[in-house]
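Accompanying notes for the structure given below.
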Amino acid sequence: MYTLAKEVLSKYYGYADFRPGQDVIIKSILNKQNTLGIMPTGGGKSICYQIPAVLFQGVTLVISPLISLMKDQVDSLQNVGIAATYFNSSLSHHEVAQRLEETKQGVYQLIYVAPERLEVASFRHLLQTLPVSMVAIDEAHCISQWGHDFRPSYLRIKEVIESLPTKPVIAALTATATEQVKRDICHLLHIAPQQAFVTGFARENLSFSVLKDEERRPFIERYIQQNKENSGIIYAATRKEVDQLHHYFQKKGVSVGKYHAGLSEEERRSSQNAFIHDDILVMIATNAFGMGINKTNVRYVIHYNVPKNIEAYYQEAGRAGRDGELSECLLFFSARDVQLQKFFIDQGQSEEERKANEYKKLQLMTDYCHTEQCLQRFIIEYFGDQTTTDCGTCSNCTDDREMSDITVDAQMVFSCIKRMKNRYGKTLVAHTLHGSRAKKVQELKLHQLSTYGLMNKRSQKEILQLIDYLTAEGYLSLSDGQYPVLLLSHKAIAVLKGEERVMRKQAQQPIQAVSERN
Ligand code: ADP
């Protein structure tokens, strides 16, 4: 059956190979197992159910919430010679009647419907008479109340499937990968956890770097100079920052455009077109830029500020190298940016529970900046995708400084946190270890602790960096909220007991961009 699947892939779609992940999902569906496929946007989810639909006897019902996309999908299937049709509210009575009749006659292999259609009596009646072999559910996260796009009509899907005389296999697909949503989909659609595949998040042609000790503007100026022939995007957190950067680089004679929601529609359109047609090579923008822009030869994406979470970062950084050519994603870290993102969360309208979740995601974004593991792997694991190898090209993989044993330093930090009874944030912990004379330290009587001044040979900044590193590597965790408290994890306890050692690359040195390293 699987060999047939490859034949369908090349015969109808003209592709030689499956993308990573498509094969496992297709195999699972062909084995008649209810399956969940989680893949990023553009990863190639449609083929995962379309190929089994071609191979199965009978008809596949595809449930999709996006009426505009439905027509595109059906058109492209028809173009390659796969019989498909759709039912939605854009059709006239006459068209619906005709398609119903054709469906009854077995003309179609796939029929696309919006979930609301499942509530229409005549359609439900039709379903009773059809040999439905598979139900494919696109945007399957809409079934979960934890998803960002919950649709009550999705909850009816299960009941409709159960009412069918055939026992169709279920193929659910989505790009939303949080553990909660995944569990919910599996539970609601009777999908065994081992048939849920998170896959395709790796982008092998992208090399990631985090830059910590660089002066941002001169660095970017040099970088653009070294990449004169290439297009790139520079993302900044606010409109004001975009305006300032744009002004700065324009004065320096660099060909730059800008884009943010504060510009008129005309300004935005002309700037976007100039970038797409390579009239300007560098676009400075807020996150308003990029959705639905299909420019494949973006060679680099620079984040001037730390974004709010890894989803946002990966989506924006992922606009580099869509053509598969090697491309770079650089991120400048600054603690002030993290504060700014905290401020945005705090000022936002979200409920407390959602805010706590946003703080948590921001912390993981911060951990990404401080980890010494492979950056690509960190991101992929964040999405729940399994990978076994390091990318070999990110700023951590190419950082060839020696590892050294920092167990004693780590123990000092951990015992100080313990003495401070897990009640304070990282600044106060660093103050205490450094032996600071800050008023707050005196007021809280932290100077009376035995760990006060234990690291007085180190600067406050070095101690803070060490704490960030220990957090990123999972020795410390932070409580929820805007002013989080440092907590010891079980890994730290093991270190305190002398059961485990802590390693770190030697003293920080500025990391060079990949182009400078070569
Ligand atoms: P998604 O639904 O996950 O956003 P699509 O199914 O629309 O993604 O696929 C994105 C693009 O990738 C489409 O142009 C599709 O033709 C292409 N594609 C899918 N699978 C393959 C493959 N195995 N080889 C090459 N291109 C593929």
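Could you check segment 111-152 and list, in sequence order, the residues that are touching a residue at least 60 places away in the same chain (Cβ under 8 Å) and assigned to a helix (DSSP H, G or I)?
127, 140, 142, listed by residue number.
Among the listed residues 310, 302, 380, identify the single one that is in contact (Cβ under 8 Å) with a residue 24 or more places away in the chain, in contact with a helix residue (DSSP H, G or I) (Cβ under 6 Å, 6 or more places away or on another chain) and surrounded by 16 or more Cβ atoms within 10 Å (Cβ to Cβ).
Going through 310, 302, 380 in turn, the sole match is 310.
Please determine, by comparing only the residues of segment 403-427 that are touching a Lys or Arg at 6+ places or on another chain (Cβ under 7 Å) and not in a loop (DSSP other than H, G, I, E, B), which one is farthest from residue 455 (Cα to Cα).
Filtering first and then ranking leaves 403.
Residue check, residue 385 against (1) in contact with a Gly (Cβ under 9 Å, 6 or more places away or on another chain); (2) surrounded by fewer than 21 Cβ atoms within 10 Å (Cβ to Cβ), all met but one. Which one?
Residue 385 satisfies all of (1) in contact with a Gly (Cβ under 9 Å, 6 or more places away or on another chain); (2) surrounded by fewer than 21 Cβ atoms within 10 Å (Cβ to Cβ) except (2).
Yes/no matrix, rows are residues, columns are (1) closer than 29 Å to residue 42 by Cα; (2) in contact with a helix residue (DSSP H, G or I) (Cβ under 6 Å, 6 or more places away or on another chain); (3) free of Cβ contacts under 8 Å to residues at least 12 places away in the same chain; (4) not acidic (Asp, Glu):
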position	(1), (2), (3), (4)
319	yes, no, no, yes
322	yes, no, no, yes
330	yes, no, no, yes
336	no, no, yes, yes
342	no, no, no, yes
354	yes, no, yes, yes
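Mind listing just one residue for me: the one in segment 299-328 that is of a type in the set (Asp, Glu) and out of contact with any strand residue (DSSP E or B) (no Cβ under 6 Å at 6 or more places or on another chain) and, of those, nearest to residue 362 (Cα to Cα)?
311
Please verify whether segment 449-460 includes one or more residues that are farther than 22 Å from residue 489 by Cβ and of a type in the set (Lys, Arg).
yes
Filter segment 37-63 down to residues that are within 14 Å of the ligand (Cβ to nearest atom) and hydroxyl-bearing (Ser, Thr, Tyr) and give me whichever is surrounded by the fewest Cβ atoms within 10 Å (Cβ to Cβ).
41
Identify all residues within segment 227-250 that are modelled with pLDDT of 95 or more, farther than 22 Å from residue 339 by Cα and either exposed (fewer than 14 other Cβ atoms within 10 Å of the Cβ) or hydroxyl-bearing (Ser, Thr, Tyr) (or both); write none if there are none.
Selection gives 231, 247, 248.
Just to verify a result, which residue in segment 161-180, among those that are buried (at least 18 other Cβ atoms within 10 Å of the Cβ), modelled with pLDDT of 90 or more and of a type in the set (A, V, I, L, M, F, W, C), is farthest from the ligand (Cβ to nearest atom)?
If we take residues in segment 161-180 being buried (at least 18 other Cβ atoms within 10 Å of the Cβ), modelled with pLDDT of 90 or more and of a type in the set (A, V, I, L, M, F, W, C), then 161 is farthest from the ligand (Cβ to nearest atom).
Would a scan of segment 24-36 turn up a residue that is within 13 Å of the ligand (Cβ to nearest atom), under 29 Å from residue 90 (Cα atoms) and either of a type outside the set (Gly, Ala, Ser) or outside any loop (DSSP other than H, G, I, E, B) (or both)?
no
Does residue 17 count as among the charged types (D, E, K, R), within 10 Å of the ligand (Cβ to nearest atom) and out of contact with any helix residue (DSSP H, G or I) (no Cβ under 6 Å at 6 or more places or on another chain)?
Criteria met by residue 17.
Filter segment 390-411 for residues that are among the aliphatic types (A, V, I, L, M) and surrounded by fewer than 16 Cβ atoms within 10 Å (Cβ to Cβ); which is farthest from residue 205 (Cα to Cα)?
So, considering only residues that are among the aliphatic types (A, V, I, L, M) and surrounded by fewer than 16 Cβ atoms within 10 Å (Cβ to Cβ), the one farthest from residue 205 (Cα to Cα) is 408.
Which of the residues belonging to segment 1-22 are part of a helix (DSSP H, G or I) and either in contact (Cβ under 8 Å) with a residue 12 or more places away in the chain or β-branched (Val, Ile, Thr) (or both)?
Hits for segment 1-22 are 2, 3, 4, 5, 6, 8, 9, 12, 13, 22.
The values are calculated or read from the model by the stated rules, or taken from the named source; none is laboratory data. In this text the structure is predicted, and so the values were computed from the model without any measurement. Please note: Cβ atoms are built from the backbone with ideal geometry, for glycine as well, and neighbour counts cover all protein chains shown.
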